[in-house]
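*Asks:* Dumping the structure here so I can ask a few things about it.
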Amino acid sequence: MNTKVQPDDASKPVTVEEFLKETALRKIGEQARRVAGDLAHTERVAFGPTAVTVVDQARLEGVDLLVVGTHGRTGLRHLLLGSVAERIVRTATVPVLVVRHEEEAREDIHTQAENTLKDEQQG
């Protein structure tokens, strides 16, 4: 990518790839500080197919643990969209901690409770 952009906070134009990488690093850094706190961690941005790139980077960097977020999709949505987290778990050579988004986990609990109530009312 040789296309240049001029971000508001930049003194000179940068390539789109540089802009995307810098933006991603900033957002990842914010999340990592919120989640990891004082734990030692590494933040990286790499381009490529997500699951393959994450596993390859982990191998190259010699990481001890991968922490991966997931949307927790099930059923048809999971089948159609696939699961990057699942592919990482299956192919990684180090332990993988999969963390589900809190809001979606809460929604699933409510759905399960509603389904249980319906089953009990019908049964």
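*Asks:* Work out how much length K12 to R59 would gain on full extension: take 0.36 nm times their residue separation and subtract the Cα-Cα distance, in nm to one decimal.
*Replies:* Once the chain is fully extended between K12 and R59, it gains 13.4 nm.
*Asks:* On to the next question. Simple spin-label model, 7 Å along Cα-to-Cβ: V52 to L117 in nm?
*Replies:* Distance between the two pseudo-spin positions: 4.7 nm.
Computed from the coordinates by the stated procedures, all read-outs in this text should not be read as laboratory data. What you are looking at is a predicted structure, and each value in this text was computed from that prediction instead of being measured. Note: ideal-geometry Cβ built from the backbone for every residue, glycine included; neighbour counts use all protein chains shown.
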